[in-house]
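**Q** Next up is a structure, given as structure tokens.
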Amino acid sequence: MYKSFIEEIFQTTEVTKEDLERYFETERDETLFLEFKSFVDKDVNNREKELRDAEKIKGVIKTIDAFLNSNGGLLIWGAPESVEVNRGKKKIKVCQGTLCPVPTFYDRDAFVNKIASQIRPLPQGVRMQSIQVEKGYIYLFEVPESQNKPHQFDGRYYIRLDTNTSIAEHYLVHAMCRQIKNPELSIKVTLGNGRMRTNEPKRFISFTLFVNIENTVEGINDYDIYIKSHITNDGQFGKFRQDRGHTALFEDVSKILSFGLPVEFDFDVFVNVPVIPEPIITIWYGGRNSLVKKVSFKVKFNLNEDTYTQNLTFYHTIAEYID
């Protein structure tokens, strides 16, 4: 079974402060798949701090771009400061000892969106974990090898060469461009407001689920796009061909999906009251030439007091994503 880079290194998928401290008790050196970045916080004015932080974030995104264009890897931001040691006739940098955390908290979704907005074509599968420690945070960025190389950041293509992130030579970029590519799909889900309804003897909340599916690979079309959905907590879907239980299959979402022309689709969802436990919706999506992907989220309902009346009750509907 495939193990992630995080699991290979830490033997767990949920890394803690103690895991990090144990890991850096011994000397650790960078590899083709592993890079460390420390954060030395110096006393500077606000303007200098903004420039410094922007430059450090740029360095993080540059490494992510290099991993995408190579064989994937793991970046640990907030590692101990590196020192040079002799290994035979060679000097290398190693990290050991006290963590040097990032003082600023970065929201995962916002930071991943920042990465996605600055790397072209759109990267897929980049995962971020934050671990709170004394005086700040350690960030882990797990990056898969991209199936849609080459990726460009800040006008350049980066790759991993041994333990370094370097600008790719023209012949390497040309070779990446000639690799066989498949379409790669991404999905965005939006939930409409919920409304309480009664069908004696049951009560239920209904809302509309809006789906936007995009082909992120330029020049490669996908065909026969489909969606399969499942809901827990005795929920049901509207306008569907039902497989069994609370599963819906939408086979004709789009005949063709091209880069820059996303397809939009919506269907109705009905959840019984009381909503305990919170329902979980899982959506699988794919096409004839793309890999199947899935997204899962809990559905939460908050009463919309601005629209509350004696006979009608409306809810803000919130999707809480599950990794």
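The values are calculated or read from the model by the stated rules, or taken from the named source; none is laboratory data. Fair warning: this is a prediction, and the values are worked out from it, not measured in the lab. As a convention, Cβ positions derive from the backbone with ideal geometry for all residues, glycine included, and neighbour counts pool all protein chains shown.
**Q** I'm told Val40 meets every condition in (1) under 28 Å from His174 (Cβ atoms); (2) loosely packed, with under 15 Cβ neighbours inside 10 Å; (3) more than 22 Å from the chain's Cα centre (by Cα) except one. Can you identify the failing condition by its number?
**A** Just one mismatch for Val40, condition (1).
**Q** Same structure again: Is it the case that some residue within the range 69-78 is crowded, with 18+ Cβ neighbours inside 10 Å, of a type in the set (S, T, N, Q) and farther than 18 Å from Leu20 by Cβ?
**A** So far as the range 69-78 goes, yes, one or more of its residues are crowded, with 18+ Cβ neighbours inside 10 Å, of a type in the set (S, T, N, Q) and farther than 18 Å from Leu20 by Cβ.
**Q** What is the one condition in (1) closer than 30 Å to Cys177 by Cα; (2) touching a strand residue (DSSP E or B) at 6+ places or on another chain (Cβ under 6 Å); (3) among the small types (Gly, Ala, Ser) that Ala79 does not satisfy?
**A** For Ala79, the failing item is (1).
**Q** Another question, then. In the range 171-192, what count of residues is obtained for those that are modelled with pLDDT of 85 or more and of a type in the set (S, T, N, Q)?
**A** Going through the range 171-192 one residue at a time, the tally reaches 2.
**Q** Another question about this same structure. Where in the range 222-323 are there strands (runs of 3 or more DSSP E), lying fully within it, with 1 or more residues that are assigned by TED's automatic domain parsing to the domain that holds Asn193, modelled with pLDDT of 90 or more and surrounded by 14 or more Cβ atoms within 10 Å (Cβ to Cβ)?
**A** Correct list: 222-231, 247-257, 263-272, 280-286, 293-303.
**Q** Could I ask something else about it? Which of the residues that make up the range 174-205 are within 21 Å of Asn304 (Cβ to Cβ), in a loop (DSSP other than H, G, I, E, B) and of a type in the set (A, V, I, L, M, F, W, C)?
**A** Correct list: empty.
**Q** Can I ask one more? What single numbered condition from (1) surrounded by 20 or more Cβ atoms within 10 Å (Cβ to Cβ); (2) under 25 Å from Leu185 (Cβ atoms) fails to hold for Arg120?
**A** Going through the list (1) surrounded by 20 or more Cβ atoms within 10 Å (Cβ to Cβ); (2) under 25 Å from Leu185 (Cβ atoms), Arg120 breaks only (1).
**Q** Further question: Of all residues in the range 148-194, which are within 30 Å of Ser206 (Cβ to Cβ) and among the β-branched types (Val, Ile, Thr)?
**A** Listed by number, the residues that qualify are Ile187, Val189, Thr190.
**Q** Only residues that are of a type in the set (Lys, Arg), part of a strand (DSSP E or B) and in contact (Cβ under 8 Å) with a residue 24 or more places away in the chain: list them for the range 107-165, please.
**A** Result: Arg120, Arg127, Arg160.
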